[in-house]
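The values are calculated or read from the model by the stated rules, or taken from the named source; none is laboratory data. Computed from a prediction, not measured in an experiment: that's the story for all the values here. FYI the Cβ positions are ideal-geometry reconstructions off the backbone, even for glycines, and counts take in every protein chain you see. SASA here: full protein model, heavy atoms, side chains in, ligands and nucleic acids out. Shrake-Rupley method; radii C 1.70, N 1.55, O 1.52, S 1.80 Å.
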Amino acid sequence: MSGGGTPRGAATRRAAADGLLASLGVAVQYIGLAQADPASGVWPVAAGRAAAVVLLLPSAWRHLPEFRQPTARLVQALVIGAGAALGLALYLWAAHQQMLALAVVLASLYPAIPTVLGLALLHEKVSRQQVAGLLAAAGAVVLLTLG
């Protein structure tokens, strides 16, 4: 649903490999959070966010000049990070409420949000494939809510 004009060849293979690796990381994170004891509160989310920072810090440090941004951009990044942490905390809560199947499916719909925002706020052009993906995602949400 979020696909756009993508170059073919080596760049596509690299992007696909990056996407698969990121998906594996998300899956491991979801599985790990589902295993957390309810008594642990939101500490599993905090530990995951801290681990992500520790993992990415060497690369960010190496490319520090490229990361210099205006203060407004840094604030936006912090808000996005806080939103991601909130999403993970809500996922953790859903997992503890035995709503894991629903939570995983809904969390997997995250590409719909930037797609819809791009269409609504940036007036991006939508392809038939994106329309089909968004309609399928909306249909899945409706079917999930019906039980």
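The requirement of being touching a Lys or Arg at 6+ places or on another chain (Cβ under 7 Å) and either in a helix (DSSP H, G or I) or open to solvent by 100 Å² or more (accessible area, probe 1.4 Å) (or both) is not satisfied by Ala47.
Checked against the criterion of being at pLDDT 85 or above, of a type in the set (A, V, I, L, M, F, W, C) and surrounded by fewer than 12 Cβ atoms within 10 Å (Cβ to Cβ), segment 84-105 contains not a single residue that satisfies it. If the condition is being surrounded by 11 or more Cβ atoms within 10 Å (Cβ to Cβ) and over 30 Å from Val105 (Cβ atoms), then segment 50-61 contributes only Ala60.
Against the numbered list (1) within 29 Å of Leu92 (Cβ to Cβ); (2) open to solvent by 60 Å² or more (accessible area, probe 1.4 Å); (3) not hydroxyl-bearing (Ser, Thr, Tyr), Gly32 comes up short only at (2). Condition (residue is within 29 Å of Leu146 (Cα to Cα) and open to solvent by 100 Å² or more (accessible area, probe 1.4 Å)) applied to segment 62-82: is it met by at least one residue? Looking through segment 62-82, none of the residues is within 29 Å of Leu146 (Cα to Cα) and open to solvent by 100 Å² or more (accessible area, probe 1.4 Å).
Filtered by the rule that a residue be part of a loop (DSSP other than H, G, I, E, B) and aliphatic (A, V, I, L, M), segment 28-44 gives Ala36, Val42. Of the residues making up segment 108-120, those that are open to solvent by less than 50 Å² (accessible area, probe 1.4 Å) and under 17 Å from Gly139 (Cβ atoms) number 4. Apart from one condition, Gly41 fits all of (1) open to solvent by 60 Å² or more (accessible area, probe 1.4 Å); (2) free of Cβ contacts under 8 Å to residues at least 24 places away in the same chain; the exception is (1). Given the condition out of contact with any Lys or Arg (no Cβ under 7 Å at 6 or more places or on another chain) and on the phi > 0 side of the Ramachandran plot, answer yes or no: does some residue in segment 77-99 qualify? Yes: segment 77-99 contains one or more residues that are out of contact with any Lys or Arg (no Cβ under 7 Å at 6 or more places or on another chain) and on the phi > 0 side of the Ramachandran plot.
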